Amino acid sequence: MSTGPLAAWLTPALAVLVALAGCTSPWSPLDAPLPPSHRVSSGLRLAVAGQDLPKVGETIRVLTGKQVEFAAAPAPIGATGHQRSAIAGALEVAAVQVAWKAQGTLRVEANIAKLQLPLSIGKSGAASCALKWLGQGGKGVVSVRLGPGSPGQVQAELVDAPQLLWKEAGFSVGEECLAPLGQAAGEEADQEIRQVLADALLPRLAAAALHALRTAYPGQLAVAGQTSIGQPGSSNLSVRIDSAYADSQGAGAIQDSAGLAVAQLDVAIDVDRHPCAADAAPPQLLAQAKLQPTQVPVGEGLLRRGINLDGALVAHLAWAWARAGGWCRQTPLNGSTQLPLQWLQEIAPDLADWLDSAPSAVRLWPHASPEVAVMDWQDAPALHWTITDASLEIIAPVGGAEAVVLTLRGRLRGVLRPTIGSGGKVQLVNVQSAMDSAVVSSPMLGDAVAAGGSERLAQLVHFAVKGISEPATVLPLESALPPGTVATSVTRTGQSLWLWLDGGLQPNSGL
Amino acid sequence: MATWLGCAKGDVECADGACPVGYRCVAATGLCEVESNGPALQTSLFGAIAAVGKPTGPPVVVGFAKDRQSLAVIDGDAVNFLAGPAANSSQQPAGQASAAVRSEDGDLHIAWVRDADHTLWHALGHGGTWQVDQISEAKAGTVARPVAMGWWQGQPVIAWRAGDAAAVRVGRRQASGNWAIQALPPPPPPRKGAAPTNDMGRSLALATPSAGLTIATYDGTHGDVLLSVDSGDGWSTARLAGTDPTSGADTGDMGHPLALAVGPDGELVLAYRNASRSAVMLARAAKGVVSHELVASGNVVGPAGTEQRDWIGSNLSLAVRSDGKAAVAWSNGSRWNIELGLQKPAGGFARISPPASMVGKGKQLWPAISGGSAIWLSWVAADASRGPSGSRVVQWAVPAEAWK
């Protein structure tokens, strides 16, 4: 039986979606492929909105460096006996534009500000001749995409060799210095300078573009393996996960969909059944074949992207967590979760004389697997869950010893709202819960306790589930996604949930 | 006569429920007065009881009579109220937590806490008479439940929880009759970087094995069983359960409650609740080696083929037979009954319940087991329809064949 908050069932969601690949638990290969009944095709989607591309370009610019320094030692110019002086300076990256091209390729163009590079040429022992190399309309071009990695995985890769192109470039002043060299040697000196500049800029630009792509579409989201999870009070349970990027074998891993650049993952999970969980088959729900148009939140970020959890995947994750015993819960009640003693006395007056003080704990026993749906609650995205048959046990001190004093059994339902907490953490807050057709019993009083005050009973259920749900579970984004990833908003489209993320770029990137 | 909450001068409506059972509210004075012609006084106990074995016959039971708000000692048909309004109408309620021990010469020593002013009290029963004293060395206002008792070097020893909840104190009676009080030293943290213990002694037990005066306490901060031993060179404390002794890893919430006993060879025997598994455990410590054994698990079959856990062991008691076999009694808070685990000669535990003829249709609460010439199980039998005031103490001599 778990003792953490109820909402913790979504933890493996991100674990599956993202994190467990990076966790420290030992993983072993799957014994056998997971059956189709446990797979949600396109259950998870990663997207970058077209409107955010300018900001992505700016982020790549900062990652590259707004000023890219270069330097080269003196070098002979061919066999002329002449030598170029040392050169040093900085390329100013004025702007970076990014755009999606065919087959999911992200083309990155870095505009380079006009460059004037003073240098000199001369023979050893003779006076040198000063001149300038001038470059205008410079543009570093890099194309990246998600290419095939190991089966199911993707890796960010360069589509072709990066280039540094100049609209106009060459020696513009002091051409008389080049005359003694001949045309070929002059061109060689020019090419050599261009290469120095390209060598300085392009690796940084390419690395920045790849880093941005990897951050938005992490390769480690694809996981295939099995591990065990510790269950307090029980033996370890085996968890099997197989998530893979769709279209990961071709160049089409990222596709345009309603103004979003979307990569899709198929997610399959199976888990050993915890003895406290009902033996239910996974819900057979199909993810939406096509991503519905979505309203991208107002605002922008450094590298804003969205994770879309299809309702079918949410339901599957809830099933998996329930099967692992995650919904069997026991929680102490205190402080903000304290249930007033008076409520129990009103619901079951005959209990009053037996109780020392307010209830000290609550337990939830699900007798069926939960059903979960994504829909709004008070105009905000929420997860509506229902367990068709469940028992809530209220534990209170009786003569100094804790005992179950009241059991409520019926159809339990509730609403969890994902909210953004401090530090950009997503937390699931229980905002509503109720039990339909509750049968109230007590080990002391028997199976037919007349529950006085339906309003009190409703309060009791709500606060008991609230107690089970607190403190609100914080989704471990940092363990599942690149370090520093934060959530900025949560939205809903149809039956799917969007988590909008930002950050997660390397801390030493200068951002 | 005693003042009582709800009984007020001139209040003509104060008669109903204003005073404990057996008293009536006198409107003229606002005091509760014993009803000379009222219903027979009941000795219904409420809460954990202590049972102290006798050379023959059922043990003496000590507990809190809720209706009388007093500490009661029941020995067969005889009932004595040692503290509270039933003992002296001018006294405040007392005895909400108590412990008892029998001395080598057969005297009975009882210690209890008076919640009203957080004071510690001691009674000595000898030849049918009782001497009751407040232990003034235990600073008033600092004594909290629970309390444990033992017999050490010819004198009673008492352990209790300090009011600040972070410490346990020990009082040893001196030959002079005064009490020497000391605090148990704070335990070392279970692992590097762990928070210091700030909740200690919600459960505690005291025993005197060959190793020295021993106190087992519950570390509520880390959910561990602490074992403190004073072998003459001061206290040393170790974590007996709840933390892996090698890695320091947390292995669950254990030790609330717990009970201690001493085996025939002077070895320490400890019963404790594993709250994480809802199980009752038994540990033996002898010659530096500690072994743990499952006595009973709360696992039961629930609806739809699921497994649930009964809330077992929230009150437990322990005794050891002369052959070293342990008997553990516990309450099942999910069913409001009691069970008994008897250590079998071949290993493992026989899990039994009191005979149906003694249980009836009511509920059984707060078991207390006592050794001596025979193992006795005492408990409070309760009836929902009659409420706590209708409860009564039941005692059962566990037959030898039950161990086989």
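The values are calculated or read from the model by the stated rules, or taken from the named source; none is laboratory data. Everything numeric in this text was worked out from a predicted model, so none of it was measured. When we count neighbours, we look across all protein chains shown, and the Cβ atoms used for this are built from the backbone with ideal geometry, even at glycine. For the accessible areas, the whole protein counts, side chains as well, though only heavy atoms, and no ligand, DNA or RNA atoms are used. Shrake-Rupley method; radii C 1.70, N 1.55, O 1.52, S 1.80 Å.
Accessible area per residue for the protein assembly as shown in Å², computed with a 1.4 Å probe and the full protein assembly in place, what is it? Spell out each step's value before the answer.
Numbers: 36510 Å² over 915 residues.
Value for the protein assembly as shown: 40 Å² per residue.
Can you bin region B:221-298 into rounded, prolate or oblate? Criterion: square roots of the alpha carbon gyration tensor eigenvalues sorted a ≥ b ≥ c, rounded for a/c under 1.5, prolate for a/b above b/c, oblate for the rest.
Details: a/c = 1.92, a/b = 1.29, b/c = 1.49.
Oblate, since a/c reaches 1.5 and b/c is not below a/b.
Can you pull the Rg over Rh of region B:114-186, Cα-only, Kirkwood? Can you show the working numbers first?
Details: Rg = 12.3 Å, Rh = 12.7 Å.
A ratio of 0.97.
Whole-Hz Karplus ³J(HN,Hα) for region B:107-124, in order, using 6.51 cos²θ - 1.76 cosθ + 1.60 and θ = phi - 60°, x for Gly and Pro?
So the J values, rounded to whole Hz, are 5, 10, 10, 10, 10, 8, 10, 9, 5, 4, 10, 6, 10, 10, 10, 9, 10, 10.
Among A:62, A:47, A:191, which residue has its Cα positioned farthest towards the positive end of the charge dipole of chain A, with +1 placed on the Cβ of Lys and Arg, -1 on the Cβ of Asp and Glu, and the dipole taken about the Cα centre?
Positive-most Cα among the choices belongs to A:191.
Just name one of A:392, A:434, A:406: the one whose Cα is farthest towards the positive end of the charge dipole of region A:383-447 (beta-carbon charges, Lys/Arg +1, Asp/Glu -1).
Farthest along the dipole direction, towards plus: A:434.
When a/c is below 1.5 the answer is rounded, else prolate if a/b is larger than b/c, else oblate, so apply that to region B:73-126 with a ≥ b ≥ c taken from the square roots of the Cα gyration tensor eigenvalues. If you can, show how the numbers build up before the last one.
Working: a/c = 2.46, a/b = 1.44, b/c = 1.71.
Taking the square roots of the gyration eigenvalues as a ≥ b ≥ c, region B:73-126 is oblate.
Roughly how many Å is it from the Cα centre of region B:361-404 to that of region B:64-138, as a whole number?
Between the Cα centres of region B:361-404 and region B:64-138 lies a distance of 21 Å.
Please state, to two decimals, what the Cα-based radius of gyration of the protein assembly as shown comes to when divided by 2.2 N^0.38 Å (N = residues).
Working: Rg = 37.9 Å, N = 915, 2.2 N^0.38 = 29.4 Å.
Cα-based Rg divided by the globular estimate yields 1.29.
Using the crude model of +1 on Lys and Arg Cβ and -1 on Asp and Glu Cβ, and no other charge, please compute the dipole size for chain A relative to its Cα centre, in debye to 20. Please list the in-between numbers first.
Values: 33 positive and 41 negative charges, 158 e Å.
So the magnitude is around 760 debye.
If amide hydrogens are placed 1.01 Å from N in the peptide plane, which non-local residues have theirs closer than 5 Å to the one on residue A:325?
A:274
At 1.4 Å probe size, put A:435, A:444, B:358, A:375 in order of accessible surface, largest to smallest. Display every interim value, and only then the final one.
On the way: A:435 25, A:444 5, B:358 50, A:375 75 Å².
Per-residue accessible area, sorted high to low, gives A:375, B:358, A:435, A:444.
Roughly to the nearest percent, how much of the accessible area of region A:53-215 is carbon and sulfur, given a 1.4 Å probe? Intermediate values should be presented prior to the final figure.
Working: 3750 of 7530 Å².
Summing carbon and sulfur atoms, their accessible area is 50 percent of the total for region A:53-215.
Chain pair A, B: how much accessible area is buried, both chains summed, with a 1.4 Å probe, in Å² to 100?
On the way: alone 21200 and 17790 Å², together 36510 Å².
Protein heavy atoms only, the A-B interface buries about 2500 Å².
Using the Cα gyration tensor of region A:137-290, with a ≥ b ≥ c the square roots of its eigenvalues, what is the shape: rounded (a/c below 1.5), prolate (a/b larger than b/c) or oblate (neither)?
prolate
To the nearest 10 square angstrom, how much accessible area does residue B:250 have with a 1.4 angstrom probe?
That residue has around 100 Å² of solvent-accessible surface.
Taking Rh as the Kirkwood radius computed over C-alpha pairs, what is the Stokes-Einstein D of chain A at 20 °C in a medium of viscosity 1.002 mPa s, expressed in µm² per second?
81 µm²/s
Enumerate the amide H contacts of residue B:66 below 5 Å, restricted to partners 5 or more residues apart or on another chain; note that Pro and chain-start residues carry no placed amide H.
Counting only residues 5 or more places away or on other chains, the set is B:46.
Kindly report, to the nearest 10 Å², the accessible surface of residue A:333 as traced by a 1.4 Å probe over protein heavy atoms only.
About 10 Å², ignoring ligands and nucleic acids.
Near the amide H of residue A:296, under 5 Å away, which other amide H atoms are found, from residues 5 or more places off or on another chain, if H is placed in the peptide plane?
For residue A:296, no residues qualify.
Could you calculate, for region A:53-215, the ratio of the Cα radius of gyration to the Kirkwood radius, expressed as Rg to Rh?
With Rg and the Kirkwood Rh in hand, the quotient comes to 1.09.
Write out the trypsin sites (Lys or Arg not before Pro) in region B:271-359 meeting two conditions: DSSP loop, and at most 12 other Cβ atoms within 10 Å of their Cβ. Numbers along the way, then the final one.
On the way: sites: B:273, B:277, B:284, B:287, B:309, B:321, B:325, B:335, B:351; in loops: B:277, B:287, B:321, B:325, B:335.
Counting only loop positions with at most 12 other Cβ atoms within 10 Å, the trypsin sites (Lys or Arg not before Pro) in region B:271-359 are B:287.
Counting pairs of alpha carbon atoms under 8 Å apart in space and at least six apart in sequence, what relative contact order in percent does region A:53-215 give?
Worked out over region A:53-215, it gives 23 percent.
Among the trypsin sites (Lys or Arg not before Pro) in region A:235-315, which ones are in a DSSP loop with at most 13 other Cβ atoms within 10 Å of the Cβ? Mind listing them? Before the final figure, lay out the partial values.
Numbers: sites: A:240, A:273, A:290, A:304, A:305; in loops: A:273, A:290, A:304.
Here the sparse-neighbourhood loop sites are A:290.
If I stretch the segment between residue A:373 and residue A:191 completely, what's the gain in nm (0.36 nm per residue apart, minus their alpha carbon distance), one decimal?
Numbers: separation 182, 0.36 × 182 = 65.52 nm, distance 6.22 nm.
Contour length minus the Cα-Cα distance gives 59.3 nm.
GNM on chain B, C-alpha springs below 10 Å: top fluctuator among B:127, B:371, B:390?
Per the Cα network of chain B with a 10 Å cutoff, B:127 tops the list.
Sequence gap at least 6, Cα distance under 8 Å: using those rules, report the relative contact order of chain A to the nearest whole percent.
Contact order relative to length: 19 percent.
I'd like the accessible area for residue B:394: 1.4 Å probe, protein heavy atoms, all chains in place, Å² to the nearest 10.
10 Å²
With chain B treated as a Gaussian network of Cα nodes joined by springs under 10 Å, which of B:234, B:255, B:84 yields the largest mean-square fluctuation?
The residue with the greatest mean-square fluctuation here is B:234.
If the elastic network links every pair of Cα atoms under 10 Å, which of B:280, B:61, B:290 fluctuates the most in the Gaussian network model of chain B?
In the Gaussian network model the winner is B:290.
Using DSSP to define loop residues, name the trypsin sites (Lys or Arg not before Pro) in region A:101-192 whose beta-carbon has at most 16 other beta-carbon atoms within 10 Å. Could you put the intermediate results ahead of the total?
Working: sites: A:101, A:107, A:114, A:123, A:132, A:139, A:145, A:167; in loops: A:114, A:167.
Passing both the DSSP loop test and the Cβ count: A:114, A:167.
Exposed loop sites here are GluC sites (Glu not before Pro) in DSSP loop states with at most 15 other C-beta atoms within 10 Å. What is the longest stretch of chain B lacking them? The partial results should precede the final answer.
On the way: sites that count: B:13, B:35, B:104, B:137.
The longest such stretch corresponds to B:138-404.
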